[in-house]
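> Mind having a look at this structure? Questions to follow.
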Amino acid sequence: MQRSFIILSVYYFLFFTLIGDYVIFMPKFFESKGFSASEIGIIFSSLPIARFITPFLYLKKAITKKDYVLSLIISSFSSFLLLSNNFFLLFIAFFLIGASFSVTFSYIEAIAIEKLKEKYGKSRVYGSIGFMLLGIVFSYINANLVYSYIFLMIATNLVAFYFADDKKLKRSFEKIDFLKTYKFWIALILFQISFGGFYNFFTIYNLNYGISKKYIGWLWAIGVIAEIFVFLIQHNFIKKLKPLKWLKFSIFLTAIRWLMLYIFAGNLILIALSQTIHAFSFAIFHTAALLYISSQYKNKTLAQQFYAGIAYGLAAFLGSLISGKLYGEYLYLYEALFAFIAFLIML
């Protein structure tokens, strides 16, 4: 178990450093290459769309070692397409990378939960650290983001290859019965939609309400630090309650979090306090969701694929669109309503 813990921790560190490159810096990089905002939006929509579509290919077949290894190879070679300035090649590159992530990352998550159980968070925390360090380091140095992305992709996939023959995860095939846990899936969609306003407009919203730009970075950092802290200690308490109870509690607190952003707009201290709830909104919710899915479905990898595809593919896509339409004074009141309805459904 110790070896698996170390290798999984290295994987998470590299993978989320890679994601940090993609999320934090890539959009600005493509803007500097002359792409319009609409073109950048379309390019970056291809990855979550692919993550949502790909699981449907495995409704009647299990992921094989060949599928897993092929996904590692495809994502590695697709990253080289990012050296192009061609819009269609970039769209295809991110689509193929998203499809590959749907297979490989979901497989790794299923293995991590199976091997580490409630200690999953102690390994996953290295992903948060990698994401945060990438953001800090690349803020101070000038580097070609595409070359760093390619390097991180290859390094991540080389580590992931270690688990190609893993025997811990039983490869039993079972169709995913969404009706079995339909309340969870509906609540998951609404819950993740509520994050659209946060990921897309948190910075703009706070600036508009008079919070200085120099504090915005710290507000983001508080959320990541809270997430890291809870990932480190959650193994001590998360098994004391069933995953379902943690899911309900996390969703309820998230509704409170968005409500605080609406009621106390412009209040730096209370907005900072609301950011500490990210420990539950992401860290506790994500771990509890993985534990819950693992307990409900024999086909654990496919279940993880659909979890990632629905939460970070479909719901993230819808959340982005909806938040754009709702942006204004009442944005976070609407987001709080989405989260609270998700809580009621889970009840």
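The values are calculated or read from the model by the stated rules, or taken from the named source; none is laboratory data. As the structure is a computational prediction, the values presented were derived from the model and not from experiment. Using ideal geometry, Cβ is built from the backbone for each residue, glycine included, and neighbour counts are taken over all protein chains shown. Heads up: the accessible areas ignore ligands, DNA and RNA and are worked out on the full protein's heavy atoms, side chains in. Shrake-Rupley method; radii C 1.70, N 1.55, O 1.52, S 1.80 Å.
> With respect to the numbered conditions (1) open to solvent by less than 70 Å² (accessible area, probe 1.4 Å); (2) without any contact (Cβ under 8 Å) to a residue 60 or more places away in the chain; (3) polar (S, T, N, Q); (4) within 26 Å of Ser123 (Cβ to Cβ), which one is the sole condition not fulfilled by Gln2?
(1)
> Check Ile111 against each of (1) within 15 Å of Ile228 (Cα to Cα); (2) open to solvent by less than 10 Å² (accessible area, probe 1.4 Å) and name the one condition it does not meet.
(1)
> Among the numbered criteria (1) closer than 18 Å to Asp21 by Cα; (2) polar (S, T, N, Q); (3) touching a Gly at 6+ places or on another chain (Cβ under 8 Å), which one does Thr54 miss?
Failing condition for Thr54: (1).
> What about Lys28, is it open to solvent by 10 Å² or more (accessible area, probe 1.4 Å) and assigned to a helix (DSSP H, G or I)? Full working, then the answer.
Working: open to solvent by 10 Å² or more (accessible area, probe 1.4 Å): yes; assigned to a helix (DSSP H, G or I): yes.
For Lys28, the condition - open to solvent by 10 Å² or more (accessible area, probe 1.4 Å) and assigned to a helix (DSSP H, G or I) - is met.
> Another one. Would you confirm whether or not the stretch 22-34 contains a residue that is more than 14 Å from the chain's Cα centre (by Cα), of a type in the set (Ser, Thr, Tyr), over 19 Å from Thr203 (Cα atoms) and modelled with pLDDT under 85? If you could, list the steps in order and put the result at the bottom.
Here is the first cut: in the stretch 22-34, the residues more than 14 Å from the chain's Cα centre (by Cα) are 25-34.
Imposing the further condition that a residue be of a type in the set (Ser, Thr, Tyr) reduces the set to 32.
From what's left, over 19 Å from Thr203 (Cα atoms): 32.
With modelled with pLDDT under 85 added as a condition, the list becomes 32.
There is at least one residue in the stretch 22-34 that is more than 14 Å from the chain's Cα centre (by Cα), of a type in the set (Ser, Thr, Tyr), over 19 Å from Thr203 (Cα atoms) and modelled with pLDDT under 85.
> Assess whether Ser100 counts as being open to solvent by less than 20 Å² (accessible area, probe 1.4 Å) and out of contact with any Lys or Arg (no Cβ under 9 Å at 6 or more places or on another chain).
yes
> Something else about it: Only one of Ala311, Ala342 is within 25 Å of Phe264 (Cβ to Cβ), among the hydrophobic types (A, V, I, L, M, F, W, C) and at pLDDT 90 or above; which?
Only one candidate passes the filter, namely Ala342.
> Which pairs do you get when a residue that is closer than 16 Å to Asn236 by Cα, found in the stretch 108-131, comes within reach of a residue that is among the charged types (D, E, K, R), reach meaning Cβ atoms under 7 angstrom, with the pair 6+ apart or on two chains?
Glu118/Lys239
> Report those helices (runs of 4 or more DSSP H) wholly inside the stretch 204-321 carrying at least 3 residues which are small (Gly, Ala, Ser), farther than 18 Å from Ala187 by Cα and open to solvent by less than 30 Å² (accessible area, probe 1.4 Å). If you could, list the steps in order and put the result at the bottom.
Details: elements: 213-233, 243-263, 268-275, 285-296, 300-309.
Correct list: 213-233.
> Please go through the stretch 39-66 and pick out each residue that is surrounded by fewer than 17 Cβ atoms within 10 Å (Cβ to Cβ) and part of a helix (DSSP H, G or I).
Passing the criteria: Glu39, Gly41, Ile42, Ile53, Phe56, Leu57, Lys65, Lys66.
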